[in-house]
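For reference, the structure is listed below as structure tokens.
The values are calculated or read from the model by the stated rules, or taken from the named source; none is laboratory data. What you see is a predicted model; the values in this text were computed from it and never measured. As a convention, Cβ positions derive from the backbone with ideal geometry for all residues, glycine included, and neighbour counts pool all protein chains shown. All accessible areas refer to the heavy atoms of the entire protein, side chains included, with ligands and DNA or RNA removed. Shrake-Rupley method; radii C 1.70, N 1.55, O 1.52, S 1.80 Å.
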Amino acid sequence: MRSLLARSLLGLLVVGGVAAVFIVPFHPLSSTSMAGVPVTEHYLDLPSAPVVPGQGWPVPPNCTYWHELYPNYCKDWHQTAYFDSFPTNGLLDPCDNIVLTNLGSGLTQEFHIDAVVPTYYLTCYPPGGGPPTQVVAEPAQTVSGTSPICEIWHEVWPNFCNSFHIDSWQDANANGILDECDYVDVETPTGTILYHIDRIGCDILVSEKPTTKAKQGTWGWIKSLFRK
């Protein structure tokens, strides 16, 4: 009786395993999430990323290097795999998954992409003629419009989470599109802050996918059913 039970259980496991191979997409680092474990989010930038007009940014090839803006500014990551969520479109999208290797620690981790937005590298000119400073910011909207006026921009570096409202825009080349060399203005109680757009990249907000180890002894328990 025990032998019959063991053979039946093994048959179900084999059939179930084969079915899972054809039904579930294979991600080499995918695993069970840990309930209650805090998830760390990272802002990763792809400088000078090409844009597909009206669509977004194409998935970069593996071996691409990503530059972290927050929480660890200037940390470098190496892309080793990318999983384009269904329906696949070849674009960087929320709900896609990306596998990155931390070049400092050598640790490889799979991440879930939570958001994809432009990255604005800015030179900030404070009111009163103070020294200019470098700022990295992004719009609160997922896709920036042709005019940034009335957009809320979120500062990623150096003062994370500082937000400012765009009051006016100087379209330097008069092409109707916010791009490099344009200026935006922010009105403050002490005067107008002028921001020059030095360059535009692509920023992805990713969250780590927590993992758990497989239950110890599970396979040993199954094999014990075959013992006499």
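Heavy-atom accessible area for residue 74, with the other protein chains in place and a 1.4 Å probe, reaches approximately 80 Å². Our estimate of slack between residue 161 and residue 95, defined as 0.36 nm per intervening residue step minus the Cα-Cα distance, is 21.5 nm. Heavy-atom accessible area for residue 93, with the other protein chains in place and a 1.4 Å probe, reaches approximately 40 Å². Database remark: amide H of residue 162 closer than 5 angstrom to the amide H of 155 (H placed geometrically; neighbours at sequence offset of 5 or more, or on other chains; Pro and chain starts carry no H). On the beta carbon distance between residue 133 and residue 173, with R0 = 35 Å, the FRET formula returns roughly 0.90. In this view, the solvent-accessible surface of residue 153, computed with a 1.4 Å probe and all protein chains in place, comes to about 0 Å². Taking θ as phi - 60° and the Karplus parameters 6.51, -1.76 and 1.60, the scalar couplings of segment 56-66 work out to x, 10, x, 5, x, x, 4, 5, 5, 9, 9 Hz in sequence order, x denoting glycine and proline.
Could you work out what % of the accessible surface of segment 126-200 is carbon and sulfur, using a 1.4 angstrom probe and leaving DNA, RNA and ligands out of the count?
Answer for segment 126-200: carbon and sulfur cover 58 percent of the accessible area.
Note that segment 120-128 has calculated 3J(HN,Hα) couplings of 9, 8, 10, 9, 9, 10, x, x, x Hz, one per residue in order, obtained from phi through the Karplus relation 6.51 cos²θ - 1.76 cosθ + 1.60 (θ = phi - 60°); glycine and proline are x. Each label point was placed 7 Å from the Cα along the Cα-to-Cβ direction; for residue 180 and residue 78 their separation is 2.8 nm. Rg over Rh for segment 44-169 works out to 1.00, using Cα positions for both radii and the Kirkwood form for Rh. Taking 7 Å steps out from each Cα toward its Cβ at residue 190 and residue 62 produces label points 5.1 nm apart. The phi torsions of segment 75-87, fed into the Karplus equation with coefficients 6.51, -1.76 and 1.60 and a -60° offset, translate into couplings of 6, 9, 10, 10, 6, 10, 7, 9, 10, 7, 5, 6, x Hz, rounded to whole numbers, with Gly and Pro shown as x.
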